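What follows is calculated from the coordinates using simple rules that are stated; it is not laboratory data. Keep in mind it's a predicted model, so treat the numbers as computed, not measured. Quick reminder, even Gly has a Cβ in these numbers, built from the backbone with ideal geometry, and neighbours come from all protein chains shown.
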Amino acid sequence: MADHYTFALGRRKSSTAKVRVTNGKGEITVNGVSAKDYFAGSAAFLHELEEPFRAIGDNKFNVTVVVDGGGHAGQVGAIKLGIAKALVLKNEALKGTLKKADLLGRDPREKERKKFGLKGARKQRQFTKR
């Protein structure tokens, strides 16, 4: 029982992130790779991942994530929500701070399904009068 961790689940679009938060040095590991390597193309994604820690003003936590489904943007949103939920479970006093920073709400937007008789979810065939 050397490592006590807090577990939380985060979802966004079609992505699901299983997040473990432990005390540590502020390292984030995503699917067995450092977050810097996993989201190599975008510094904005890395900046967004650290948002819950900036909100509480503390980065003494190691985060291990297993994420699947969706693209990188959805995965970052799922991880961010998972981290915020895990921090609240670890310390209930942080709930107000994270809620004020708008980090505890799930973004409900999902892809709308295609309807029969239409080209897409809402797009219809072009109307011809004559």
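Kindly provide the trypsin sites (Lys or Arg not before Pro) of segment 1-74 that DSSP labels as loop, not H, G, I, E or B, and whose Cβ sees at most 12 other Cβ atoms within 10 Å.
Those that pass, being in a loop and sparsely packed, are Lys25, Lys60.
What do you get for GluC sites (Glu not before Pro) in segment 73-112 restricted to DSSP loop and a cutoff of at most 15 other Cβ within 10 Å of the site's Cβ?
Answer in residue order: Glu110, Glu112.
Label-point separation (nm) for Asn23 and Val66, each offset 7 Å from Cα along Cα-to-Cβ?
Rounded to a tenth, the inter-label distance reads 2.6 nm.
Contour minus end-to-end for Ala101 and Leu89, with contour as 0.36 nm per residue of separation and end-to-end as the Cα-Cα distance?
My answer for the length gained is 2.6 nm.
At most 16 other C-beta atoms within 10 Å and a DSSP loop state: those are the exposed chymotrypsin sites (Phe, Trp or Tyr not before Pro) I care about. Give me the longest piece of the chain that has none.
For chymotrypsin sites (Phe, Trp or Tyr not before Pro) (loop position, at most 16 other Cβ atoms within 10 Å), the longest site-free span of the chain is 6-115.
Report, to the nearest 10°, how far helix 72-90 tilts away from the longest principal axis of the Cα atoms in the chain, using its own Cα long axis and a range of 0 to 90°.
40
If you stretched the chain out fully between Arg122 and Arg109, how much longer would it get, using 0.36 nm times the residue separation minus the C-alpha to C-alpha distance?
So the extension gain works out to 3.1 nm.
Beyond a 22 Å Cα-Cα separation, which of these cross-linked pairs lie in this structure: Lys25/Lys80; Lys90/Lys111; Lys36/Lys60?
In this structure, Lys90/Lys111 exceed 22 Å between Cα atoms.
For segment 1-128, build the convex hull from the C-alpha positions and give me its volume per residue in Å³.
Each residue corresponds to 138 Å³ of Cα convex hull volume.
What 222 nm value per residue comes from the helices of the chain, counting each DSSP H run with n ≥ 4 as -39,500 (n - 2.57) and dividing by all residues, nearest 500 deg cm²/dmol?
It lands at -9000 deg cm²/dmol.
Using θ = phi - 60° and the Karplus form 6.51 cos²θ - 1.76 cosθ + 1.60, what ³J(HN,Hα) does each residue of segment 62-67 get, whole Hz, x for Gly and Pro?
Those phi angles translate into 8, 10, 10, 10, 10, 10 Hz.
Say R0 is 25 Å: what FRET efficiency, to the nearest 0.05, do Glu50 and Tyr5 get from their beta-carbon distance?
0.85
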